[in-house]
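First comes the structure, then the notes that go with it.
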């Protein structure tokens, strides 16, 4: 993307909403979504409308970034993911998918984070990590094709170099987390930050890169622990040029006893207990029991339907950012939202 255009798009939408450049970005976003929906429907998967307001089961790993709302005098939360709600349907359908807002209480205003963005999610029954990788690559192939065919004028207007989108044609290279930290001189258990992700992509000739098999302690509680090496989970992130991590993916745990133990020991549960501590009349044991009880419906479903499955979440804004070769995510959405851009 041309620097001058990017600078203009970063401005508040109250000022530039009528610009042709904002309209061009919206066209790119639309074709990315179209590619996602086309691929999913062609697989025979079922579209599910997941709830935008949830109990704790709509949260991602970092519970501290969740927005709490007053839901008829009861605490509830703006959804961060529809993952668990999608999984609930896998005993009835081969695959399910959704598209919806993900809300993150990000206090920082920068070129990487938004308070809300569109998350594209799939969950597929009888699917392992290798098969999931093929689905992700298939989705991206459809996205690239739709944007290339329908948005030639918009790409030119925004200053995207001709041929850049072909960078995102699969297949993509795959490395393990262990290989990644060796390249970066990091230690086992270190999470990959933005600068690490971009360094790995640069080492890969500025092309998309899968990083697989992260340590279980830094990933979501229901990611399936590798049976041969319990230090790791069967997970993968897709890193893209300019935007870094755009896809988080994993096999899901189908053994409810393992799942329950992972939840009990998870950082997510500890953060939930801290939030529940607002009610000082409850003992620590009661707070922990209350936190666990919020997942009863999900644990019970896994117990009744132990189906091996896998899924992913695709951050549409970061895909748009990568496709537009932009250094600032605020330039890559029709309505980018942070604490300074409320309309």
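The values are calculated or read from the model by the stated rules, or taken from the named source; none is laboratory data. Please read all numbers here as calculations on a predicted model, not as lab measurements. With ideal geometry, Cβ positions are generated from the backbone for all residues, glycine too; neighbour counts draw on all protein chains shown.
Structure values in brief
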quantity: Residues of segment 194-236 classified as in a loop (DSSP other than H, G, I, E, B) and within 30 Å of residue 126 (Cβ to Cβ), total; calculated: 15
quantity: Residue 101 at pLDDT 95 or above, in contact with a strand residue (DSSP E or B) (Cβ under 8 Å, 6 or more places away or on another chain) and surrounded by fewer than 16 Cβ atoms within 10 Å (Cβ to Cβ); calculated: yes
quantity: Sole residue being modelled with pLDDT under 95, outside any strand (DSSP E or B) and surrounded by fewer than 20 Cβ atoms within 10 Å (Cβ to Cβ), chosen from 107, 141; calculated: 107
quantity: Conditions (1) crowded, with 17+ Cβ neighbours inside 10 Å; (2) within 21 Å of residue 330 (Cα to Cα); (3) in contact with a helix residue (DSSP H, G or I) (Cβ under 7 Å, 6 or more places away or on another chain); number of the one not met by residue 116; calculated: (3)
quantity: Pairs with Cβ under 7 Å, 6+ apart, first in segment 101-119 and touching a residue at least 24 places away in the same chain (Cβ under 8 Å) and on the phi < 0 side of the Ramachandran plot, second surrounded by fewer than 16 Cβ atoms within 10 Å (Cβ to Cβ) and not in a loop (DSSP other than H, G, I, E, B); calculated: 112/194; 116/101; 118/101
quantity: Unique residue being closer than 21 Å to residue 31 by Cα, out of contact with any strand residue (DSSP E or B) (no Cβ under 8 Å at 6 or more places or on another chain) and either surrounded by 14 or more Cβ atoms within 10 Å (Cβ to Cβ) or at pLDDT 95 or above (or both) when the list is 202, 150; calculated: 150
quantity: Contacts under 7 angstrom Cβ, first residue in segment 146-163 being in a helix (DSSP H, G or I), partner at pLDDT below 95, 6 or more apart; calculated: none
quantity: Candidate set: segment 164-174, residues that are in contact (Cβ under 8 Å) with a residue 40 or more places away in the chain and part of a helix (DSSP H, G or I); chosen: the one nearest to residue 139 (Cα to Cα); calculated: 168
quantity: Any hit, segment 175-185, residues being closer than 30 Å to residue 141 by Cα, modelled with pLDDT of 95 or more and not in a helix (DSSP H, G or I); calculated: yes
quantity: Hits in segment 303-332 (condition: in a loop (DSSP other than H, G, I, E, B) and in contact with a strand residue (DSSP E or B) (Cβ under 7 Å, 6 or more places away or on another chain)); calculated: 307
